[in-house]
1. Taking the Cα centre of the chain as origin and charging only Cβ (+1 Lys, Arg; -1 Asp, Glu), how large is the dipole, in debye to the nearest 20?
2. Where Rh is the Kirkwood radius over the Cα pairs of the chain, the temperature 4 °C and the viscosity 1.567 mPa s, what D in µm²/s does Stokes-Einstein return?
3. Among Asp365, Asp345, rank each residue by its count of other Cβ atoms within 10 Å, from fewest to most, as a rough exposure measure.
4. Of the cross-linked pairs Lys144/Lys380; Lys116/Lys265; Lys105/Lys380; Lys144/Lys369; Lys231/Lys378, which ones have a Cα-Cα span greater than 28 Å in the structure shown?
5. Helix-only mean residue ellipticity at 222 nm, the chain, DSSP H runs n ≥ 4 weighted -39,500 (n - 2.57), per residue, nearest 500. What is it?
6. How would region 1-40 be classified by its alpha-carbon gyration tensor: rounded, prolate or oblate, with rounded meaning a/c under 1.5 and the a/b versus b/c comparison settling the rest?
7. If you take the charge dipole of the chain about its Cα centre, with +1 on Lys and Arg Cβ and -1 on Asp and Glu Cβ, which of Val341, Gly9, Val27 is farthest toward its positive end?
8. Measure out, as a whole number of angstrom, how far apart the alpha-carbon centroids of region 228-285 and region 7-37 sit.
Amino acid sequence: MAKKPLRIGLIGYGFMGRAHSNAFAQVNHFFDLGHQVQLQAVCARNAEAVKGFADRWQYKSIETDWRKLIARDDIDVIDIATPNNLHAEMAIAAAKAGKMILCEKPLGMNGPEAEKMVAAVEKAKVANMVWYNYRRCPAVTLAKQLIDEGRLGRIFHYRAKFLQDWTISPELPQGGAGLWRLDASVSGSGVTGDLLAHCIDTALWLNGGIQEVTAMTETFIKERKHSLTGKVQKVSIDDASAFLARFNNGSLATFESTRYARGHKALYTFEINGENGSLFWDLHDLHRLQYFDHKDEGAVRGWRSIHVSDNGAHPYVGKWWVPGLQLGYEHSFVHQVADFVEGLDSGKPAGPTFRDGLATDYVTDAVLKSAGTRRWEKVKQLKNK
Ligand SMILES: NC(=O)c1ccc[n+]([C@@H]2O[C@H](COP(=O)([O-])OP(=O)(O)OC[C@H]3O[C@@H](n4cnc5c(N)ncnc54)[C@H](O)[C@@H]3O)[C@@H](O)[C@H]2O)c1
């Protein structure tokens with residue numbers, strides 16, 4: 001049967017623009033889907049640069065004004081891969097135009113903004129998804145399966161961290177291309193909305209909702225030159241953020257993120273401890289899942305390092321190569337597109353939807369509030385639709 005075309009209009013061709021384009025280009029080669037993903041158009045402000053990107057990735061056309069892209073009737077899906085302060089305006093306009101939307105994380109600059117985005121996609125009844133791609137690393141998906149099968153039993157602890165070291169130099173400017181993450185007016189927050197948002201999304205998915213948090217944040221470098229104004233300006237992002245959390249299921253958690261952990265580039269790890277077993281995952285070794293099963297016979301009981309590459313037993317792996325060959329970072333994005341398209345095919349939307357992304361924004365809002373009030377803060381809970 002002929003596949004239905006799914007024509008993508010990508011906005012932004014930076015780091016994520018490349019990761020998404022690779023996923024769109026690869027997905028139909030490996031997954032049996034009812035839709036054929038097509039690289040229809042890419043949009044960014046610099047015509048020459050966007051033309052170069054379109055040629056490299058084989059997009060059929062370009063735009064330099066995202067509003068024109070959204071207005072086109074040969075685009076089915078708007079993919080938002082721009083800095084955080086543009087997500088809401090673009091997504092709401094795309095929803096009004098009846099487009100399906102894939103949006104980068106964090107969904108909004110904060111919860112109230114993300115609420116408007118959720119309202120827009122739900123009113124327009126358009127398919128929507130947030131790019132919390134770590135859910136689709138096969139080892140993380142396997143962790144979800146083991147937890148859902150009840151293998152860990154009652155969960156006591158969740159422990160996550162995401163460590164980097166790229167902003168330690170006080171000479172590093174803030175703002176502009178490549179450095180917008182240091183400018184709170186563009187990013188919304190520092191590591192809380194950037195890195196901890198990933199940890200929180202995974203945690204909500206694996207371990208359910210969070211009730212309350214208590215947090216501390218720090219801005220180590222108080223002033224930096226701004227790339228766009230040339231002036232030395234106050235730094236308003238959180239350089240480091242750590243919080244304690246209590247989940248709805250009674251388990252306790254610690255989360256930590258910083259861009260000042262010398263030697264660490266993208267050390268995202270989580271560990272979950274349950275009554276019957278524990279799990280540990282590390283982004284630097286992303287195709288492995290560490291699993292401890294207390295039911296094992298005492299003499300051989302210990303942490304297993306599962307190489308998540310078994311075609312028959314492990315999620316997504318069978319779509320790729322022969323057993324034993326590992327998958328990497330880019331595959332998580334391919335898997336996310338595959339699940340999005342399968343959701344369209346089956347009528348059962350895959351997560352994380354905008355509503356799921358809003359739940360993460362509610363947690364980051366509470367973290368930032370708690371860092372200011374120095375008190376425990378309740379996390380706003382999602383209302384039923
Ligand atoms: N899922 C993940 O793991 C992950 C990783 C990195 C970034 N992100 C998210 O992806 C988004 C983009 O991050 P990035 O690292 O790709 O940033 P980037 O700076 O590499 O790319 C941003 C792109 O947006 C474009 N852009 C900016 N303003 C625009 C406008 N007005 N119209 C059209 N294009 C515009 C820029 O030209 C650039 O191509 C952010 O929301 C970020 O939080 C997610």
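Just so you know, all these numbers are worked out from the coordinates, no wet-lab data involved. Quick caveat, the model's predicted, so the values are computed rather than measured. For neighbour counting, all protein chains shown are included, and Cβ atoms are generated from backbone atoms with ideal geometry for every residue, glycine included.
1. Its charge dipole is roughly 620 debye.
2. After rounding, the answer is 60 µm²/s.
3. Listing Asp365, Asp345 from fewest to most nearby Cβ atoms yields Asp345, Asp365.
4. Lys116/Lys265; Lys144/Lys369; Lys231/Lys378
5. Computed mean residue ellipticity for the chain: -10000 deg cm²/dmol.
6. Oblate, because a/c is 1.5 or more while a/b does not exceed b/c.
7. Gly9
8. Between the Cα centre of region 228-285 and that of region 7-37, the gap is 29 Å.
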